[in-house]
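Computed from the coordinates by the stated procedures, all read-outs in this text should not be read as laboratory data. Note that the coordinates shown come from a computational prediction; the quantities given were computed from them, not determined experimentally. Counting neighbours? That spans all protein chains shown, and the Cβs are built from the backbone with ideal geometry, glycine included.
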Amino acid sequence: MVKERCSAEQLADMIAQKINVAGVEVAVRRDHAYGFVPTVISAPSDQIGFQRRADEIAHVLRIRFDLA
């Protein structure tokens, strides 16, 4: 299966949209082990909880997308 290639900004936007909370800002960086890793830069509350959610979403997105 060929994965669709997306930019870091596109992947960060997808993750932020799936979290669906105003004020959550996500960045994505390349990772040799996983392909890409999200980092929650800002959140209205409980940044660790939002980071866990972003990691869960990224795990699902890695099946379909690859970082360009």
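Name the residue farthest towards the positive end of the dipole of the chain from the options His32, Val60, Met1, assuming +1 on Cβ of Lys and Arg, -1 on Cβ of Asp and Glu, about the Cα centre.
Comparing the listed Cα positions along the dipole, Met1 ranks first.
Could you pull out every residue, at least 5 positions away or on a different chain, whose amide H is within less than 5 Å of the one on Phe36? Hs are placed 1.01 Å off N in the peptide plane, and Pro or chain starts have none.
Sorted by chain and number, the residues that satisfy this are Asp31.
Assuming R0 = 22 Å, what is the FRET efficiency of Val21 and His59, from their Cβ-Cβ distance, to the nearest 0.05?
Working from the Cβ atoms, E equals 0.70.
Go through the stretch 25-36 residue by residue and turn each phi into a ³J(HN,Hα) via Karplus (6.51, -1.76, 1.60, θ = phi - 60°); whole Hz please, and just put x for glycine and proline.
10, 10, 10, 10, 10, 6, 9, 5, 7, 10, x, 8
Under 8 Å for C-alpha pairs, at least 6 residues apart: give me the relative contact order for the chain, rounded to a whole percent. The partial results should precede the final answer.
Working: 97 pairs, mean separation 27.0, N = 68.
40 percent.
On a 0 to 90 degree scale, rounded to 10, what angle separates helix 47-64 from the longest Cα axis of the chain?
The angle comes out near 20 degrees.
If I compute Rg and Dmax of the Cα atoms in Å from the structure I just sent, which labelled value in (i) 13.2, 42; (ii) 11.4, 38; (iii) 30.0, 95 lines up?
(ii)
Can you sort Ile15, Ile41 so the residue with the fewest Cβ neighbours within 10 Å comes first?
Fewest-to-most Cβ neighbours within 10 Å comes out as Ile41, Ile15.
Only Lys, Arg, Asp and Glu count, each charged at its Cβ (+1, +1, -1, -1), so figure out the dipole size of the chain about its Cα centre, rounded to 20 debye.
Values: 9 positive and 9 negative charges, 40 e Å.
My answer is approximately 200 debye.
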